[in-house]
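What follows is a short report on a single structure.
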């Protein structure tokens, strides 16, 4: 009975399809003509196509589109003349250091590099006066901000923790890493507590270090903590990172009781950061097969070249 019903249903479906075809064929507009797509010849689009879309499958949105900000937010477009230089920066100082460490780094970037980049000329300013430094959306798009301040000789614009373009993109890219692979097991247990939105209450750098984090924003939760450690480790020089966050300070000559307590707490926090960093380096090695220290070293060599020469290698 079931088979008979299936045969009848199939026959009725065929009859319906034939009738539909006849009806559609009788329509004077039965020949669908797809719209003609004219490929842009703008130099920015030509460069982006060959250097980002064809290489990495990544679309770059640089023309202004109100859909990318909320009605209560303000921003300005990126200057046309900066689109190609910024794309070179993305290739040389974001993608390049990972790919330089071999096939494991190449596979890592090929798998996780976002499908879309959005370029904006300014920060995004919110109604309350605060600003966004950059953001990643669902592991698919990263928005790069403050691009009109482009200056390869300005290390603060490149790497500054309060909005440096590389500090921001490596932070946001690390969100994509943990969204796909989680953070290292036990990472969130090393520090005693996170502050949530309390990080906005005038938390200083020293306050953050005492908690075992490298920046006040990292005190929000374990995910921001993880991203801040990775981005700071990559974009800061080895000497600066270790002096600020890792090296235990000699307290033997401090006689002031309050100063001694302050420095003891900072040393305890540095010990926590060192523990987290070791876990992060092992995580990248075990999960992705490459050494994050080598990525950092290559990043610093490339940064030195760019800052010294005010250009990218040919």
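The values are calculated or read from the model by the stated rules, or taken from the named source; none is laboratory data. The shown structure was predicted, so the numbers you read here are calculated from the model rather than taken from an experiment. Glycine also receives a Cβ, built like all others from the backbone with ideal geometry; neighbour counts cover every protein chain displayed.
Give the residues of region 61-104 that are more than 30 Å from residue 291 (Cβ to Cβ), at pLDDT 90 or above and crowded, with 18+ Cβ neighbours inside 10 Å, sorted by residue number.
62, 78, 82, 83, listed by residue number.
Return the total of residues in region 209-230 being in a helix (DSSP H, G or I) and touching a residue at least 24 places away in the same chain (Cβ under 8 Å).
11
Based on this model, can you work out whether residue 171 counts as within 28 Å of residue 98 (Cβ to Cβ), part of a helix (DSSP H, G or I), touching a strand residue (DSSP E or B) at 6+ places or on another chain (Cβ under 6 Å) and touching a residue at least 24 places away in the same chain (Cβ under 8 Å)?
So residue 171 does not fit the description; no.
Checking the conditions here, which among 218, 163, 212, 186 is out of contact with any helix residue (DSSP H, G or I) (no Cβ under 6 Å at 6 or more places or on another chain) and over 23 Å from residue 97 (Cα atoms)?
The match here is 186.
Is it the case that region 254-277 has a residue that's in a helix (DSSP H, G or I), within 21 Å of residue 187 (Cβ to Cβ), under 24 Å from the mean Cα position of the chain (by Cα) and without any contact (Cβ under 8 Å) to a residue 60 or more places away in the chain?
For region 254-277, residues in a helix (DSSP H, G or I), within 21 Å of residue 187 (Cβ to Cβ), under 24 Å from the mean Cα position of the chain (by Cα) and without any contact (Cβ under 8 Å) to a residue 60 or more places away in the chain: present.
Report yes if residue 280 is under 19 Å from the mean Cα position of the chain (by Cα), within 23 Å of residue 159 (Cβ to Cβ) and crowded, with 20+ Cβ neighbours inside 10 Å, otherwise no.
Against the criterion (under 19 Å from the mean Cα position of the chain (by Cα), within 23 Å of residue 159 (Cβ to Cβ) and crowded, with 20+ Cβ neighbours inside 10 Å), residue 280 does not qualify.
Being surrounded by 15 or more Cβ atoms within 10 Å (Cβ to Cβ) and more than 28 Å from residue 177 (Cα to Cα), is that true of even one residue in region 243-260?
yes
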